[in-house]
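Working notes, structure below.
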Amino acid sequence: MFGLMQDRPLLIQQLIDHAAQNHGDTEIVSRTVEGGIHRYTYTDARVRAKKMAEALLALGIEPGDRIGTLAWNGYRHFELYYGISGMGGVCHTINPRLFPEQIVYIVNHAEDQLLFVDLNLLPMVEKLHSQFKTVRHVVAMTDRAHLPKDVEIPNLLVYEELIEGQPGTYEWPVFDERTASSLCYTSGTTGNPKGVLYSHRSTVLHAYAAALPDTLGISARSVVLPVVPMFHVNAWGLPYTAAMVGAKLVFPGVALDGASLYELFEKEKVSFTAGVPTVWLALLQYMQANKLKLSTVKYAVIGGSAAPPAMIEAFDKEYGVEVLHAWGMSEMSPLGSVNHPKAKHAEWPEKDRFAVRLKQGRPPYGVEMKIVDDAGNELPRDGKAFGDLLVRGPWITNGYFKGEGGNVLRPDRHGGGDWFPTGDVATIDPDGYMQITDRSKDVIKSGGEWISSIDLENAAMAHPAVAEAAVIGVAHPKWDERPLLIVQKKPDAAIDKAALIEFLSTRVAKWWLPDDVQFVEAIPHTATGKILKTRLREDFKAYKLPTA
Ligand code: ADP
C-alpha cells in the first residue's frame, strides 16, 4: 500500500522561489570581478535567473544541454545555477585553475553548447576557443561597458545584453526530480577528468542534509561566505542550502587573499564561512601579521584536505571561531561528514575532546559508510581498525558521465545498495566519528605496516616555523618505503632537519619518524587546493634517502 502524500518532485528552481517568497529582501553581496561591491536580494536574483532561462530558450538551448561556466563566486554565477538547471539544462561548472588541455578536454567531453566566462578569464578562452568543438557562443559575464574592445572570440555575447529585454516572468517547468541538474569534473590527478552528474533530487536532498544543525547548521540568521569555489562541487552546496534556509550570501569573487577576505568578513558581518586549508593558512597569516581579530565569524568549515590541528587551535583560541572539520568529495555532492561534538563530550577532558575534533566527523543521515579490508570484509567500528572507506546514499554517484571509468561501484554482499569506494583509508569509532588516515595512494607502506602521511604532516605543521608540510613515501631497499618530509618554511623562520626530527620525536611513533627532511620554496597544490603529491613524487624521483 502506498502512502497518500503528494509526489511533488524535488527541484532546484523551487529553492530560489522559496527564497524569493519568504526571504525576498535578504541580501546577496558580491565582490565583482570588474571591481567594487554589488548587492541585491533573493527577489532580484530570481527575476534575473528567470530572464537567464528565457534567454537560454531564445538561443535554442534545450533541456539536457550542458552549459559551461568558467567563473568565480559571484551573483551572475548564482543566477546561472538557477537559470540553467531551472529550465532543465545542465550547469557545468569548470575549474579555471586546471591546465588548458584539461579545460579543452572537459568542454568537449561534456559537449558544452554555451560557455559563460568571467571577465578576467576571457584571455584564457581567447587562446582556447578554437579547440572547443560544440560551443556555439562564449558569453562574457559582464556588461558592454566593461568588455574590452579587442576580445577576439567569434560569436561572443555579453551577459547583460543577453538577459536585457527578457520579461523575467518565466514559469519554471516541473519535471522528473531525477533530471540531471549540474556537472562537475574531478580534477583527475591520474588519467582524464571524469564527470560527476548531479540531479535535482540529489541536490535538494543534499541541501536539506547540509542545513541540519550537526551538518553545516545555517539558517535565516546566518551570513554565509563560501570561499570554496562555485566551480568545484557547487561550493559544497552552499548556494542551494543558503536559498533553502534564507541565509544572506556573500560572494568573494576572485579576491581570495587574506586582506580581501578579512574585509568582507568584517564589513558584511559574516557568521559562517567554508574553504580548504590553504585559504585559511593565508588568512591566519594575514591576521597574525596585522594583529586583527574576527568580530562576527562563528563557524569556519575546513575540508577538502585534512585540517591541521594547529589551524583548528588557532581559529579556536585566538579568534573564537569554531572549526567544523568536514570531509567529502565531488562524487558525494560533496558532504560526507562534519565534525560537531556530542553532549557527552562536554564532560571530557580538553585533550580527549580535541582528539575527537581532529576527526573528519560524523555522517549526516543519508550517508552510510563502512570500512573494509582488502578482501572486502567489513572492519569493526572501534576507532582503531582502518580500511578502505565505502559510502552510499542518495547524493552519492552511481557512475561517471558517459560511463567513463566503467562500473565503479562495489556490490553489497547482503544484496543492499552498491557502495562507492572513496579511495580513502579511514577508521570509524563507536560514536560514528570517521577519521581519514590517508588517501590509499598516499599511505606509506613501511615494512608491511602503514604510516599515515596526514598524521605526519599534521605533526610537522604544529611547529611554529613550518608554513606547510607534505610527506611522501620514497623507495627503501629494506623497508619498501620510508617517509620523506618536505617542508615550506614560514617567511624568515629558521629551522633545520635535526630540530624538526627532534620536534616530531615526541609526537609520533619512533618508526614513523621521517628518514629525511627537504626544504622547498613552495609546496605545490592541485587546482582544488590539495597538496600535489604526484608533482612532489616527480620532483623527488631521483632523490635517494640517506638511510637507503
Ligand atoms: P578532486 O576533484 O580533487 O578529487 P574532491 O574534492 O572530490 O576533489 O576530493 C575528495 C578527496 O579529498 C577525498 O576523497 C579525500 O581524500 C580528500 N579530503 C576531503 N576532505 C578531507 C578532509 N577533511 N580530510 C582529509 N582528506 C580530505
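Laboratory data are not the source of any read-out in this text; all were calculated from the coordinates shown. Every value quoted in this text rests on a predicted model; they were computed, and no experiment measured them. No Cβ is skipped: glycine too gets one built from the backbone with ideal geometry, and neighbour counts run over all protein chains shown.
Before moving on, here are some points about what is shown:
- On Cα atoms only, tilt of 42-58 relative to the major axis of the chain in degrees: 70 degrees
- Whole-angstrom Cα spans of the range 271-420 along principal axes, big to small: 56, 40, 24
- Using the average count of surrounding beta-carbon atoms within 10 Å as a protection proxy, the listed peptides 459-467, 3-11, 85-93 rank, highest first, as 85-93, 459-467, 3-11.
- Estimated distance in nm for a label pair at K342 and A509, the labels positioned 7 Å out from Cα along Cα-to-Cβ: 2.7 nm
- The alpha-carbon positions of the range 352-443 define a convex hull whose volume is 120 Å³ per residue.
- Alpha-carbon centroid distance for the pair the range 444-502 / the range 50-79, whole angstrom: 46 Å
- Overall, the chain carries a charge dipole of about 520 debye about its Cα centre when +1 sits on the Cβ of Lys and Arg and -1 on the Cβ of Asp and Glu, all other atoms neutral.
- Percent of C-alpha pairs per 10 Å bin, the range 105-214, short to long: 12, 29, 34, 22, 4, 0
- Taking every C-alpha pair closer than 8 Å and separated by at least 6 residues, the mean separation divided by the residue count of the chain gives a relative contact order of 10 percent.
- Relative contact order %, the range 444-539, counting alpha carbon pairs below 8 Å whose residues are six or more apart: 26 percent
- Sum of -39500 (n - 2.57) over DSSP H runs of 4+, divided by residues of the chain (222 nm, nearest 500): -7500 deg cm²/dmol
- More than 21 Å apart - percent of Cα-Cα pairs taken over the range 444-539: 29 percent
- Loop trypsin sites (Lys or Arg not before Pro), the range 250-337 (other Cβ atoms within 10 Å of the site Cβ: 16 or fewer; DSSP): K269, K291, K293, K298
- Listed by chain and number, the aspartates and glutamates whose C-alpha is less than 15 Å from the C-alpha of K544, apart from same-chain residues fewer than 8 away, are D480, E481, D515, D516.
- All aspartates and glutamates inside 18 Å of K127 as judged from Cα atoms, apart from same-chain residues fewer than 8 positions distant: E101, D112, D118, D150, E152
- Binned Cα-Cα distances of the range 378-432, short to long, each 5 Å bin given as a whole percent: 4, 18, 22, 24, 19, 7, 5, 1
- Mean Cβ count within 10 Å, highest first, over the residues of peptides 246-253, 337-344: 246-253, 337-344
- Angle in degrees between helix 12-22 and the longest Cα principal axis of the chain, rounded to the nearest 10: 80 degrees
- If R0 is 22 Å, the Cβ-Cβ spacing of R535 and A282 corresponds to a FRET efficiency of close to 0.65.
- Protection-proxy order for peptides 28-41, 472-485, 148-161, each taking the mean of Cβ atoms within 10 Å per residue, highest first: 472-485, 28-41, 148-161
- Taking Cα centre as origin and charging only the Cβ of basic (Lys, Arg, +1) and acidic (Asp, Glu, -1) residues, the dipole magnitude of the range 180-333 rounds to 280 debye.
- Which listed pairs, of K478/K510; K133/K533; K384/K441, have C-alpha distances above 27 Å, in listed order: K133/K533
- A Cα-only calculation for the range 192-241 places Rg and Dmax at 12.0, 42 Å.
- Partners for K344 among aspartates and glutamates (Cα-Cα distance below 17 Å; same-chain residues under 8 apart left out): D214, D352, D429, D431
- Computed on the Cα atoms alone, the convex hull of the range 13-324 gives a volume of 132 cubic angstrom per residue.
- Sorted largest first, extent of the chain alpha carbons per principal axis (Å): 70, 64, 46
- For the range 1-78, the direction-averaged projected area of the alpha-carbon convex hull comes to 7.8 nm².
- The Cα center of the range 272-310 and the Cα center of the range 91-159 differ in position by 32 Å.
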